[in-house]
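A short worksheet on the structure shown next.
The values are calculated or read from the model by the stated rules, or taken from the named source; none is laboratory data. Please read all numbers here as calculations on a predicted model, not as lab measurements. Here the Cβ positions follow ideal geometry from the backbone for every residue, glycine too, while neighbour counts run over all protein chains shown.
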Amino acid sequence: MSRHGLHRLPRSGRPRRKALALGVIGASVVTGIVATMMPLLAADDTSIQAVADTTATRVSQDGDNAAKTTLATCATRCDGNPRGARDAVIRFAVTTLPATAVNIRATLRVHSWRAFAATVTAHASPVDAAVPRPAPVTPGPAVDTVTGVRPGFNEWDVSPLVTGNGTVTLALAQTGLETRIYWASTENRDPELRPRLMLSYDLGDRPAPNPTTAAATPPTPSASPSASTRPTPTPTASPSRPSPRPTPSASTGSGRCGEVSPELVPACGAWWGMYSPTSAADGWDHGRAVAEVEEQVGRQFDIVHRYHDFSGTGSNGAFPDPYQREQMREGRMMFFAWESRIFSSGKVLTWADVYSGRYDATIDAVAGRIRDTGVPVFMGFDHEPEDEPEKGTDAEFVRAWRYVHDRFAAAGAQNAVWVWTMMGWSGHYDRYAGLYPGDRYVDWVAYDPYNFHVCNGSKVWKSPSTTIGNFYRWLDEHGIGAGKPRMLAEFGTNFDTADPAAKRRWFEEFPAALKAHPKIKAAVYFNSPGMTTSTASCNMTMNHDAAALAGFARAGQDAYLRQPTPGGR
């Protein structure tokens, strides 16, 4: 992953979520640092273990299949027996879905020890999974199919069969290979290998905003983005936060379409943003990097995201730089992600360093430049701190965040809109309450969801709704930042070699996913090949091929993502 004040600096020599595979993977950076990463797997979902399972078979010697440590599947003709078919039957009891659950996603995960050239299809089943040796039955309609069994967990999307709490019984039927495949059962001595049903869902307690009242017909995109699309507030000497609209709406975004709150919350719909890297070849021209993508998608982005360090000098540390000032003059909002490290040397600052006063001159200089812009800007401090153990404890992060926030306030930089950004990974759910600086110090709650697909060794393809829904729901359930607008500070998707149109569809489905999660008021695409190492099956950029670019451009034309402000987008 290359970086020159452009990407998040990888954390050297330790687990990292954003990875290519289940092993450790190195990614080169311009500073020569090697990143190792930990995958984000389907463990983000709620995991339900099976309550019963068995192998349905007519073969008498199979015995009591309800008590074996393995399940079996086989084709109708199996090992030379024309009546040797075997189906793996698994029953789950779903009890934890709330009454308001919508967009329920269910993934069946069953473990195989070996690879097989077989097709295995999931069906709903009337078979009693607790019976020792039930007979196979004619399966119902296919729900999902795996073509080519792999070692480890194989996954089937069985969402159509889970519509609420209750019992669901599934059967796996095999074709294409006339010998048995063995799968781990509920009796396997290793609990980690037992069948699981992974659930995620959204809460339907609030309807999505309807942008059609003010923006039924989105403006026609031009080949070159408009240079002026948002009214720029007049700079003020007052320490109060300037508002981009004369009649601000509430922080939650309530109000008439076209209004924007002092915290930069649109009254309806959501902002569309971009992080686009650059390199020495183009002189680190961040403005050009964004403009080139805008030309491809036929619109101007609402938000431009960049990463900065504590060096206090150059484009990395002395921000806003001239490119960013120009982008603000042209109507874009800036999102500065400020990291307590020095990009050029790789030096990591501790949070105790920050609140000790050692870097007060650096903090005050940045606060002064932010204040002098005279317009609201998004400001983040050490995004994804749960992945920064070398910087200190969770309590020290909170203390450092509050310290930086308060120095900005003392410098009169009340136009800084504070964005608290987490990974949103379920492995850190127990830490988020302790990492939250408090409502007085946070304006937006943000997280970084990705559909990595095979980039991290997982086979599961997550829809936009599944990708963004897990942490969204967790925030609802735990009340962290209640009432705050939410942002996808980074998001992205891989493509699918087996379905070349999948990435295009993913982008086309994205606006609907946002509408189903109405608290998300901004989404910023992380368009960097350095997110993972690009391979023949892994590329997270939105414009890696024409189909993906077309889908992304179409998403950006959705009325929900085209704020009805003067100038249009």
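Structural remarks
- In region 287-305, of all residues being in contact (Cβ under 8 Å) with a residue 60 or more places away in the chain and in a strand (DSSP E or B), the one that is farthest from the chain's Cα centre (by Cα) corresponds to I303.
- If the condition is being more than 18 Å from D190 (Cα to Cα), of a type in the set (A, V, I, L, M, F, W, C) and surrounded by fewer than 20 Cβ atoms within 10 Å (Cβ to Cβ), then region 58-74 contributes only V59.
- Within region 306-324, one or more residues are within 14 Å of S276 (Cα to Cα), assigned to a helix (DSSP H, G or I), in the same structural domain as R371 (by TED's automatic domain parsing) and at pLDDT below 95.
- Residue identified as more than 31 Å from the chain's Cα centre (by Cα) and of a type in the set (G, A, S) among A124, A118: A118
- Residues that are hydroxyl-bearing (S, T, Y), in a loop (DSSP other than H, G, I, E, B) and modelled with pLDDT under 80, drawn from region 25-79: S28, T31, T36
- The condition of being assigned by TED's automatic domain parsing to the domain that holds F397, among the β-branched types (V, I, T) and within 14 Å of the chain's Cα centre (by Cα) holds for only one of V454, V445, that being V445.
- Top-ranked residue in region 355-379 [being among the hydrophobic types (A, V, I, L, M, F, W, C) and touching a Phe, Trp or Tyr at 6+ places or on another chain (Cβ under 6 Å); ranked as farthest from G312 (Cα to Cα)]: F378
- Every residue from region 350-359 that is in contact with a helix residue (DSSP H, G or I) (Cβ under 7 Å, 6 or more places away or on another chain) and not small (G, A, S): T350, W351, V354, Y355, Y359
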